[in-house]
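Since the structure comes first, as structure tokens, the remarks are kept for the end.
The values are calculated or read from the model by the stated rules, or taken from the named source; none is laboratory data. As the structure is a computational prediction, the values presented were derived from the model and not from experiment. We place every Cβ from the backbone using ideal geometry, glycine too, and count neighbours over all the protein chains shown.
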Ligand code: ATP
Ligand code: MG
């Protein structure tokens, strides 16, 4: 996939912008606080419908303005199609999506038109921080590949809220316990599909990531990622089996759930565990090992997206080139060149990259202008 053209109105520090990108490498240079990451963020937003920096939509509107708009023209290589994506958001919280001029109600309609893989210093959070970071990561990646997954997630969290409310009512207002059954059925139905798809995703991703980890560490390190779930003690991809186990386990803890007035089991409590040479990366890995593992993970995703879609996603590299050592940087640049992956790179050391890649285009950013 290629993003050819990007138009911004009132997005972060860009009042108005209209640019055409290179199909190969786009180098985004400029001093600090000029808008390099904002540009990467806008491309990401066009793919996912939200920012990767954890900001609220409201905070993306140029100071004191009423709305922002991001428009992009995306070309798919495989089917030789061009699609226009247009997202508008205003202070009244209206979020409007148009694809090729047609309005769509659900933001999930966006998924699939533009695939992106982002690699930024923030990604270390996937390893270092709590389970919610890892769930967020895997949920976004699967959603990009599977719109129905995103819909299941949304429905799951709606059911979860209702079920938690009911648990509180049962505890404090002595509401009838039997009412739980309705929510349980939905929790199990959406939840099992989510668990199954997460495990399927890992099953495909982990061997690719392990292979890359071995290459970039000269066979010194293996990488493994497991799915840990309170629902499942043992890995299975069979949906019926996941549902049965979920139902049985839920029955065992309902008493405890009422006591704590909270749903204690399901994909909202699950986690991923990363291992390097069979040792838990979060607790035992060095900073460099953690960074390398994230790089392997991201590179594996590039391959997985290609295997599933027949074309490469757009790669967004924000401030990471300078943090990689020579051999890892070399590996990454070779991959980009060899596979013709459209890539956006910000940060220092850009001169060096420019010398290595002939077909790059350079954008100098100053105070939200190019
Ligand atoms: P660095 O090299 O430090 O990473 P950068 O070029 O990546 O810098 P960005 O994060 O893209 O910088 O842009 C930061 C600038 O954008 C800040 O100066 C900030 O004030 C400005 N900014 C952020 N949000 C808004 C907004 N809603 N309206 C206007 N300006 C904004
Ligand atoms: Mg930045």
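Things to note:
- Restricting region 316-370 to residues that are assigned to a strand (DSSP E or B) and more than 15 Å from ligand 1 (Cβ to nearest atom), the residue that is surrounded by the most Cβ atoms within 10 Å (Cβ to Cβ): 343
- Tally of residues being in a helix (DSSP H, G or I) and touching a helix residue (DSSP H, G or I) at 6+ places or on another chain (Cβ under 7 Å) across region 13-45: 0
- Each residue in region 143-179 was checked for being in contact with a helix residue (DSSP H, G or I) (Cβ under 9 Å, 6 or more places away or on another chain) and not in a helix (DSSP H, G or I), and 3 of them qualify.
- Criterion applied to 67, 111, 52 was being in contact with a helix residue (DSSP H, G or I) (Cβ under 8 Å, 6 or more places away or on another chain), over 27 Å from residue 321 (Cα atoms) and in contact (Cβ under 8 Å) with a residue 12 or more places away in the chain, and the one residue passing it is 111.
- Cβ pairs under 9 Å, 6+ apart, first in region 262-276 and within 21 Å of residue 159 (Cβ to Cβ), second part of a loop (DSSP other than H, G, I, E, B) and at pLDDT 95 or above: 269/263; 271/130
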